[in-house]
Structure formats: C-alpha cells, structure tokens
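The values are calculated or read from the model by the stated rules, or taken from the named source; none is laboratory data. Everything quoted here is computed from the prediction, not taken from an experiment. Positions of Cβ are backbone-derived with ideal geometry, glycine not excepted, and every protein chain shown enters the neighbour counts.
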C-alpha cells in the first residue's frame with residue numbers, strides 16, 4: 001500500500017483495479033481490459049493493477065498444466081483412433097489447446113512488461 005493512502009482509499013483503488021480485468025473463457029483466466037491508458041494512471045492505480053494481475057498471473061501455470069493434461073489424454077486417444085474424421089477432430093482440439101498454452105505463456109510474461117513500464121515512468 002502506498003504511504004499516502006489510508007486503508008479505505010486503498011480498498012477503493014484495489015476494487016477499481018479488479019474491475020479492470022475481464023474473464024477470458026477460452027483461457028480460463030481474467031485478462032486486462034483497462035479503461036484508461038497505462039501512462040495516464042496514478043502510481044497507486046498502477047500498483048493496484050500489478051497486485052491484482054500478480055494474483056491472476058499466479059494461476060497461469062495451473063491452467064497450462066490442465067491443458068497439457070488434456071493434450072496428453074487426446075494424444076493417447078489419437079494414437080489408438082482408426083476413424084479418420086475423429087483423428088482430424090482430435091488433432092484440431094490438440095492444436096487449439098496448444099494455442100491456448102501459447103497465449104497463456106504470453107500473458108504470463110506480460111507482468112514483466114507492466115513492471116518495466118512502471119519503473120520507467122515511476
């Protein structure tokens with residue numbers, strides 16, 4: 001909590017920060033949907049956003065592991081599958097899950113960009 005804010009003010013800023021994220025059903029996490037440009041935010045709001053993002057970001061490895069587990073199960077099914085159409089569907093689903101993992105890895109690295117931007121302008 002910034003030194004200049006009392007507990008009530010920090011609560012309001014934190015609540016505002018949580019409203020700056022929207023659930024992405026495809027990825028299974030909330031992602032930033034800022035209503036203001038990052039550069040125009042106060043340091044208190046940037047800090048609250050980083051705190052909220054860090055809590056969300058901490059769940060990304062678990063989501064990746066879930067997708068990887070699904071991929072392994074589909075690969076096992078694919079190995080035994082003899083129906084061409086079903087094999088194509090499984091390949092498509094595996095590719096979609098791999099795409100989600102890639103997107104989650106990009107979001108996971110986003111925190112570093114936020115912090116770098118904050119340090120540069122802080």
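Of note:
- Hey, residue 49 touching a helix residue (DSSP H, G or I) at 6+ places or on another chain (Cβ under 7 Å) and on the phi < 0 side of the Ramachandran plot or not: yes
- Of all residues in segment 58-72, none that is surrounded by fewer than 13 Cβ atoms within 10 Å (Cβ to Cβ) has its Cβ atom under 9 Å from the Cβ atom of a residue that is at pLDDT below 95 and not in a helix (DSSP H, G or I), 6 or more apart or on another chain.
- Long-range neighbours under 7 Å by Cβ, at least six apart or interchain, first residue in contact (Cβ under 8 Å) with a residue 60 or more places away in the chain within segment 90-102, second part of a helix (DSSP H, G or I): 100/67
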